[in-house]
Amino acid sequence: MAQDSRGLSPEPVVRVRDLTRRYGERTILDHVDLDIGRGEFVALLGRSGSGKSTFLRALAGLDHGVPGSGGFEAPDAVSVVFQDARLLPWKKVVDNVALGLGGAAPRERALRALGEVELTARAEAWPLQLSGGEQQRAALARSLVREPELLLLDEPFGALDALTRLRMQALLLDLCARHQPAVLLVTHDVDEAIHLAQRVLVLDQGRFSVDIKVDLPDEPGPRERRFAEVRAHLLTSLGVTERELRRVA
Amino acid sequence: MADLSLSNGRDVAAPSRSSWLGRARPRSSAGEAALRRRRKLGPGPVIPYGAALGPVLLLILWSLGSATGYIDDRILSAPWTVATTGWDLIQDGRLQDNLWTSFVRSFWGLFWGIVAGATLGVIAGLSRIGEYLVDGPIQIKRAIPALALIPLLMLWFGIGEGMKILTIALITFAPIYIQTHDGLRSTDARFIELAETLDLSNAQFLRHVVLPAALPGFLLGLRFGVTYSWLALVVVEQVNATSGLGYMINLARTYGQTEVIILCLAVYAALGLSSDWLVRFITRKALPWRKILAD
């Protein structure tokens, strides 16, 4: 099994050991181990209901009352971005970003974060006045202004149109290059996972069935070949058949 | 890779798409057919001041009926009789005095209703123990018709102003309590999760998430409360009173003056409509983030 990623990174910021979570009779996570290195970008794929969100919510500390065992170490500064932007509609965009922000000059820091996601012009707008992409950019600003060591992204671009999603993905890569958090991206989009992450996991039957480094070469030719190879491997492990792969993918 | 999948996709989609276009083309490109607009469904266009149409029509029917003698003056006075009576009552100051008395009663009753409703709503909404202590008695009280309480209130508090204000407060606090409690309890679970991930303290959570989320509920309760306060006013003033609009109506009934009764009803209508407008105005001001939904 591909759970030998331990020790790949000299200094893991996330250390999950033997994590088990159950919903009723169903075991969603079955003694899962995982290390995420400092600044490492990990994507987690899985079919719907495979438990990838359960895993993310466990790391975020949001799974109150879900029975299970095992444990994990995570840094103090953890930010979460959900599929919906989750901006409080009664607070202006900048106040949403600054919500609960400690330290000096929270508002100024919030404005700077909005600048990073190119949303300065909408700082004083109400969230309901923003487009879906703008709302999600504000949510990114809210998560990054806290300088997280671990950034948890739960299908953050799932509700966006294809064009907006592309631009958000580019923005996310820029922001991660600048802030260097460890990232766990939960997604069902195989291409997104390969484009964004350095390492891709597939969660199946409560365990990580795949754990591969993406390491795309820089030269266009080999890069495309490697991309196709990884993609086919991931799609197959997600249950896409040879015939389906030939037909559309 | 991307190129490959695109051309693949085109090959697969091409036949079906062209057949779809083939079906769509004759309808959209045939000259006369393209000019024909579809019939628009829906209630029809907006007419300026159209909302006044119904009331004005009623007034016209009433005037015609009175002028032709079709409506007996003893059953329903003519509109102009009501207007001149109103003018006379304003001249000798009786209308203003009674209106003011009623207004003050209603105001204080509503004031204490808001204080009690909001306080108890917050207590029951924010703590489980508070809910266990407060919610049960209030639900029992709500099940008792307000009118049935009046004899007991009269025995306890006499027939003075205090009893009237208390009755109005008892009737108005219920909707405010219910909506505030409900607003506090139905805070969106997604926002609760967000607050947890942002590590908000209890105080921050209350101030930035729970209370703003409950504000629309409180304001809705307030709107009901204001409407109920006029209702409660009529009840207490018709049971026993020596001043106020309800007293004027009772007196007019004794003397068979339908014009005074109609006049008082018109004043009630004006009070009800304007106070409702006021609450909606406050709501718009208090919830600026909602206004853009209507724009």
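Extending 7 Å from the Cα toward the beta-carbon at both residue B:115 and residue B:38 defines two label points whose distance is 5.9 nm.
What is the percent of Cα-Cα separations in chain A that go past 29 Å? Cα-Cα pairs of chain A separated by over 29 Å account for 32 percent.
Helical content alone sets the calculated 222 nm signal of chain A at -11000 deg cm²/dmol, taking -39,500 (n - 2.57) per DSSP H segment of four or more residues and averaging over every residue. From largest to smallest, the equivalent ellipsoid semi-axes obtained for the stretch B:25-182 from the alpha-carbon gyration tensor read 47, 37, 14 Å. Rg and Dmax, both from the Cα atoms of the stretch A:7-64 and both in Å, are 12.3, 38.
Relative to the longest principal axis of the C-alpha atoms of chain A, give the angle of the C-alpha long axis of helix A:220-237, reported between 0 and 90° and rounded to the nearest 10°. Rounded to the nearest ten degrees, it is 70. Around the amide H of residue A:14, modelled in the peptide plane, lie the amide H atoms of A:36, all under 5 Å away and 5 or more residues distant in sequence or on another chain.
When B:38, A:86, B:207 are sorted by how many other C-beta atoms sit within 10 angstrom of their C-beta, beginning with the fewest, the order is B:38, B:207, A:86. Taking amide H atoms as placed 1.01 Å from N in the peptide plane, the amide H of residue A:80 lies under 5 Å from those of A:152, each 5 or more residues away in sequence or on another chain. Remark on the stretch B:231-295: hydrodynamic radius 13.9 angstrom, per the Kirkwood mean of 1/r across alpha carbon pairs. Where the centre of each part is set by its Cα atoms, how far does the stretch B:216-250 sit from the stretch A:103-120, in angstrom? Using only Cα atoms, the two centres lie 51 Å from each other. A straight chain from residue A:188 to residue A:161 at 0.36 nm per residue would run longer than the Cα-Cα distance by 8.2 nm. Note on the protein assembly as shown: Kirkwood hydrodynamic radius from all Cα pairs is 29.6 Å, rounded to one decimal.
Computed per residue of chain B from DSSP H runs no shorter than four, each worth -39500 (n - 2.57), the mean residue ellipticity at 222 nm is -27000 deg cm²/dmol. For chain B, hydrophobic long helices are taken as DSSP H runs at least 24 Å long by C-alpha position along their axis with mean Kyte-Doolittle hydropathy of 0.5 or more; these are B:94-126, B:161-185, B:211-239, B:258-286. Using a simple spin-label model with pseudo-atoms 7 Å out from Cα toward Cβ, residue B:87 and residue A:25 lie 8.5 nm apart.
Helix A:162-179 and the long axis of chain A differ in direction by around 80°, with both axes built from C-alpha atoms. Going by neighbour counts of Cβ atoms within 10 Å, the residues B:132, B:49, B:177, B:268 line up, fewest first, as B:49, B:132, B:268, B:177.
Over all pairs of different C-alpha atoms in chain B, the reciprocal of the mean inverse distance, the Kirkwood hydrodynamic radius, equals 24.7 Å. Working from the Cα coordinates of the stretch A:87-147, the gyration tensor eigenvalues give, after taking √(5λ), semi-axes of 17, 12, 10 Å in decreasing order.
Amide H contacts of residue A:204: A:209, each under 5 Å away and 5 or more positions distant or on a separate chain (H built 1.01 Å from N in the peptide plane; Pro and chain starts excluded).
In the P(r) worked out for the stretch B:92-193, what percent of Cα pairs fall beyond 16 Å? Counting pairs separated by more than 16 Å, the tail of P(r) holds 64 percent. Take A:205-213, A:88-96 and order them by the average number of nearby Cβ atoms within 10 Å per residue, most first; the result is A:88-96, A:205-213.
Principal-axis analysis of the Cα atoms of chain A puts helix A:132-144 at an angle of about 90° to the longest axis.
In whole percents, the pair-distance distribution calculated for the stretch A:140-201 from its alpha-carbon pairs, binned every 10 Å from zero, is 20, 61, 19. The mean number of partner chain beta-carbon atoms within 10 angstrom of a residue's beta-carbon across peptide B:191-204 is 5.
No lab work stands behind these numbers, since they all come straight from the coordinates. Since we're looking at a predicted model, the values are computed, not measured. Note that each Cβ is placed from the backbone with ideal geometry, even for glycine, and that neighbours are counted across all protein chains shown.
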